[in-house]
Amino acid sequence: MSEKKDARIIRTKKNIQEAAVILMTTQPDFSITTLLDKAQTTRGTFYKYYQNKPHLIDDVNDNLLLELTQHIQGQFHVVKMIRAISDRAAFYNAVLNLNTNTSYFNTLMTRMRSQVTLQLAGVTDDYEKRKLVFQWEVVIGGFWALIAAWLADNMDINQTILLQEFTDILRVNTTGATQTGLSLFDFSEVV
């Protein structure tokens, strides 16, 4: 019985969260009533799991961050990131081009920078480390700018061409990028 209840709880919370993602994308100032209609749930059920709308948004953001940050462990996996962003294209378009959820993007960047710090923990030369961080910042800035433009253009090119455009812009030699900030990225198309 408790397994069925747990499955129902998980399904109910997922429905609420998915409805919230849609509303955060299309009407960021949504009301709880609008959310309840979209999620097809009751006010009591909502308040059973969430204290208020900001609590829900924080939980949704945390889940979306986990979805995305799994692709930055070890290296920034460009292809996997593009695919994950594509899966939630409307959300990321709203975040990147409409500034609907600035706390999400700021937290994402903080987590990505923390990952880079971990990756560079073995670099003892401060000058070299700073150079790699600056290069990483340039590449990641270019990545997000290209993604924002791609989403604004309704993803008018496929993901493979987008990756090629990105590597062409950087003139990436994916086999010889060991002494630059590009070594912090994985450009391979293998998933």
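Considering only protein heavy atoms and a 1.4 Å probe, what is the carbon-and-sulfur percentage of the accessible area of the range 1-59? Display every interim value, and only then the final one.
On the way: 1940 of 3870 Å².
Within the range 1-59, the accessible surface is 50 percent carbon and sulfur.
State, as an integer percentage, the relative contact order of the chain based on alpha-carbon contacts under 8 Å between residues 6 or more apart.
Details: 134 pairs, mean separation 47.0, N = 191.
Relative contact order here is 25 percent.
Per residue, how much accessible area does the range 1-110 have with a 1.4 Å probe, in Å²?
For the range 1-110, the solvent-accessible area averages 54 Å² per residue.
What ranking of Ser114, Ser183 comes out by heavy-atom accessible area, probe 1.4 Å, highest first?
Ser114, Ser183
Would you look at the GNM of the chain, springs on alpha carbons closer than 10 Å, and say which of Ile16, Ile85, Ile169 moves the most?
Its mean-square fluctuation being the largest, the pick is Ile169.
Select one label from (1) -0.41, -0.68; (2) -0.31, -0.57; (3) -0.49, -0.78: the one whose number is log10 I(q)/I(0) by the Debye sum over Cα atoms at q = 0.09, 0.12 Å⁻¹ as derived from the coordinates shown.
Looking at log10 I(q)/I(0) by the Debye sum over Cα atoms at q = 0.09, 0.12 Å⁻¹ for this model, the match is (1).
When the helix-only estimate is applied to the chain (DSSP H runs of n ≥ 4, each -39,500 (n - 2.57), divided by the residue count), what is the mean residue ellipticity at 222 nm, nearest 500 deg cm²/dmol?
Values: 9 runs with 133 residues, N = 191.
Calculated at 222 nm, the ellipticity per residue is -22500 deg cm²/dmol.
So how do Leu96, Leu163 rank on accessible area, 1.4 Å probe, biggest first, that is with the largest at the start?
The ranking, largest first, comes out as Leu96, Leu163.
Using r as the Cβ-Cβ distance of Ser103 and Tyr127, and R0 as 41 Å, what FRET efficiency do you calculate, to the nearest 0.05?
Once rounded, the FRET efficiency stands at 0.75.
Which order do Asp37, Asp58 take by accessible area at a 1.4 Å probe, largest first?
Order by accessible area, largest first: Asp37, Asp58.
The values are calculated or read from the model by the stated rules, or taken from the named source; none is laboratory data. For clarity, every value in this text was computed on a predicted model and none was experimentally measured. Quick reminder, even Gly has a Cβ in these numbers, built from the backbone with ideal geometry, and neighbours come from all protein chains shown. Calculation scope for accessible area: heavy atoms of the full protein, side chains included, ligands and nucleic acids excluded. Shrake-Rupley method; radii C 1.70, N 1.55, O 1.52, S 1.80 Å.
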